[in-house]
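The values are calculated or read from the model by the stated rules, or taken from the named source; none is laboratory data. Quick caveat, the model's predicted, so the values are computed rather than measured. As a convention, Cβ positions derive from the backbone with ideal geometry for all residues, glycine included, and neighbour counts pool all protein chains shown. Note: areas computed on protein heavy atoms with side chains; ligands, DNA, RNA excluded. Shrake-Rupley method; radii C 1.70, N 1.55, O 1.52, S 1.80 Å.
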Amino acid sequence: SMFVHDGFLYLAVNVVCLAQLGFILERLVGPVAFVSAYMASGVCASISSLAIYPLAVSGGASGGIFGIFGLLLAASIWGMRSSSNVAIPLAALKRLGPTAGVFILCNMAGGGLETLPEVVGLLVGLVYGVTLTRGIVDRKPAIRRVATVMTATLLIVAALAVPLRGIDDVRPELDRLVSEEDQTSRVYETAVARLRKGLMSA
């Protein structure tokens, strides 16, 4: 669902937010770590959304973007603790404020924020950040470490996804809906017949 958006505005805001975060973080952690954190956060948010709202149709990359915010937070904390020149400048973080505000408001207005899936995305990004950005002031995360974290995430996601197999089977819900419609239409037809006979008012 993180690759599907239900409107151009929603897509545009997500792209702008992701681009601004990317310009800062990708140089610091490298493209592989950036993409893996984004993908892992988005997939974990999607899995949690499916578990909580099995019959809802959801779309949007807000879980992945929240994960990138988590990665940014972890990278900023490691950078401040080491007092290095490589740390993300405070001015750059302040420039992200309006973009983050527009992102959250747009998602809230469009009903894109489901709260718990976004929190899951943020936490996954934070865990990625804590794991991958330690020592970031000296070097970018090694590909091997990124691959290890990504593999562990994929195994966790697979383990969480197995119990959800068949959870989105809507056939019982459709059968219940058809039954209710049949019952409602019988009541309606009875009311129309009584109205025609003058036994009830409009």
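Could you list, in sequence order, all residues of segment 53-82 that are assigned to a helix (DSSP H, G or I), under 16 Å from M2 (Cα atoms) and among the β-branched types (V, I, T)?
Across segment 53-82, the qualifying residues are I65, I68.
With the structure loaded, tell me whether F34 is of a type in the set (F, W, Y), assigned to a helix (DSSP H, G or I) and free of Cβ contacts under 8 Å to residues at least 60 places away in the same chain or whether it fails that test.
It is true that F34 is of a type in the set (F, W, Y), assigned to a helix (DSSP H, G or I) and free of Cβ contacts under 8 Å to residues at least 60 places away in the same chain.
State all residues of segment 21-43 that are open to solvent by less than 60 Å² (accessible area, probe 1.4 Å) and either of a type in the set (G, A, S) or farther than 22 Å from T148 by Cα (or both); if no residue qualifies, say none.
L21, G22, I24, G30, A33, S36, A37, A40, S41, G42
Scanning for something out of contact with any strand residue (DSSP E or B) (no Cβ under 8 Å at 6 or more places or on another chain), over 17 Å from V120 (Cβ atoms) and in contact (Cβ under 8 Å) with a residue 12 or more places away in the chain, does segment 45-56 turn up at least one residue?
yes
Give the residue that is nearest to the chain's Cα centre (by Cα), with candidates limited to residues of segment 61-74 that are open to solvent by 10 Å² or more (accessible area, probe 1.4 Å) and more than 12 Å from C44 (Cα to Cα).
F69
Have a look at L177, L164 and point out the one that is farther than 30 Å from E26 by Cβ, surrounded by 10 or more Cβ atoms within 10 Å (Cβ to Cβ), of a type outside the set (D, E, K, R) and in contact (Cβ under 8 Å) with a residue 24 or more places away in the chain.
Sole residue among the options that is farther than 30 Å from E26 by Cβ, surrounded by 10 or more Cβ atoms within 10 Å (Cβ to Cβ), of a type outside the set (D, E, K, R) and in contact (Cβ under 8 Å) with a residue 24 or more places away in the chain: L164.
Quickly run through segment 2-20 and pick out the residues that are open to solvent by less than 60 Å² (accessible area, probe 1.4 Å) and either out of contact with any Leu (no Cβ under 8 Å at 6 or more places or on another chain) or under 18 Å from V120 (Cβ atoms) (or both).
The answer is M2, G7, Y10, A12, V13, N14, C17, L18, A19.
Residue check: is S46 out of contact with any helix residue (DSSP H, G or I) (no Cβ under 6 Å at 6 or more places or on another chain) and crowded, with 20+ Cβ neighbours inside 10 Å?
yes
For segment 136-166, name all the residues that are modelled with pLDDT under 80, farther than 19 Å from G121 by Cα and touching a helix residue (DSSP H, G or I) at 6+ places or on another chain (Cβ under 7 Å).
Correct list: I136, V137, K140, P141.
Any idea how many residues of segment 86-119 are within 16 Å of V13 (Cα to Cα) and either modelled with pLDDT under 75 or touching a strand residue (DSSP E or B) at 6+ places or on another chain (Cβ under 7 Å) (or both)?
Count: 7.
Yes or no, residue by residue, for (1) open to solvent by less than 80 Å² (accessible area, probe 1.4 Å); (2) among the aliphatic types (A, V, I, L, M); (3) under 27 Å from I52 (Cα atoms):
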position	(1), (2), (3)
A152	yes, yes, yes
V157	yes, yes, yes
R171	no, no, yes
G198	yes, no, no
